[in-house]
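The values are calculated or read from the model by the stated rules, or taken from the named source; none is laboratory data. Note that the structure is a prediction, hence the values are computed from the model and not measured. Note: ideal-geometry Cβ built from the backbone for every residue, glycine included; neighbour counts use all protein chains shown.
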Amino acid sequence: MARRNKILIPEARAGLDQLKAKVAGTANPEDAKYEVAAEQGIPLRKGYNGKLTSEQAGKVGGPLGGNMVREMINMAKQSLGKPKQ
């Protein structure tokens, strides 16, 4: 089954990029995957990475996406706990 990694609300791209950078601890969202790859010991380079195995690629995307989801859940919990003005 093919995954559709398409943002339903295109205007949310900037916010998602900021969240990705925050979760990875980088200033630039494009550097997030390289930061995670370095932490995992995966030789991810800019440009062609066709020699990476699917296991290695999953070790980069999985933690990054999972941490983004955890952060979004925490943000939602915090906003639910705030009194309405």
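Among the criteria (1) at pLDDT below 90; (2) surrounded by 16 or more Cβ atoms within 10 Å (Cβ to Cβ), the one A57 does not fulfil is (2).
Specify the residue that is surrounded by the fewest Cβ atoms within 10 Å (Cβ to Cβ); the eligible residues are those in the stretch 19-44 that are in a loop (DSSP other than H, G, I, E, B) and β-branched (V, I, T). Checking each candidate, the answer is T26.
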